[in-house]
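In what follows, a structure is listed as structure tokens, so that the remarks can point back to it.
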Amino acid sequence: MLLWTAWALLPSTAEAQNTIEKRLQRQQQEMQKRIQQQMKTVAENQPQLPADPQLLSLHKEFITKAEKLAGEYERKKELERAREVYEAMVRLVPKYQPAELGLERILRSQLMKDRKLTEVLADQGWQDSGATLQQGMPVHVEVKGVWKVVLQTGPEGVVVPEEARPRDGRIKFGTLIGVIATSPGDLEKEKPFVVENNTEFTADKSGQLFLRMYDLDPTDNEGKMLVLIQSTFGK
């Protein structure tokens, strides 16, 4: 509750509100494109309905039972199972509207159903955001806050060891970075990515989202970021 209050109290102007509205419109358009593309992918290479009356009857029996099963999964909020059933129906029976509408409904619900607000402290290493991202699901991130990078050095400056240099040239000291990890080892071997305000990306793997400030030694840094993550999370 305190995090949500802090987020709400951060400055908001008419210009910022206009930017948010434009972003939401862009998100909706992008969401519709993703849904249409996924629907197209599922519907590709659909077989023609059989001419044999008995085989056609089996098709109809399957569709009737499958539609009932998909409805039960939806009522139980088991969206992934409902999606699987609707996809099977769409593949088997071309242009069956209840199945197409059901699949579109599930896809729309899955694309951006969860959100998580977390703090990322400047003086700590990798921090668990609490969000388990799902492969193939879109992710939207908003960031607010300020922090200070403290570098103590003599006249020789700071030399970044080769093994610590980021492979992404956009990453600088003080950049908010992220990693999707399935094990502690991933935090060291996975390539981190830049997390900017209004970042939008598709998760390339399933796993826990970790965040931190990029610095060789974060312990003397100050400040924090509030990060709002929107996507479809795992359990």
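Every number in this text was worked out from the coordinates using simple rules, so none of it is lab data. In this text the structure is predicted, and so the values were computed from the model without any measurement. No Cβ is skipped: glycine too gets one built from the backbone with ideal geometry, and neighbour counts run over all protein chains shown.
At an R0 of 30 angstrom, the distance between the Cβ atoms of F201 and V150 translates into a FRET efficiency of 0.50. With a threshold of 27 Å on the Cα-Cα distance, the over-threshold entries among K33/K205; K77/K144; K113/K148; K148/K205; K172/K205 are K77/K144; K113/K148; K148/K205.
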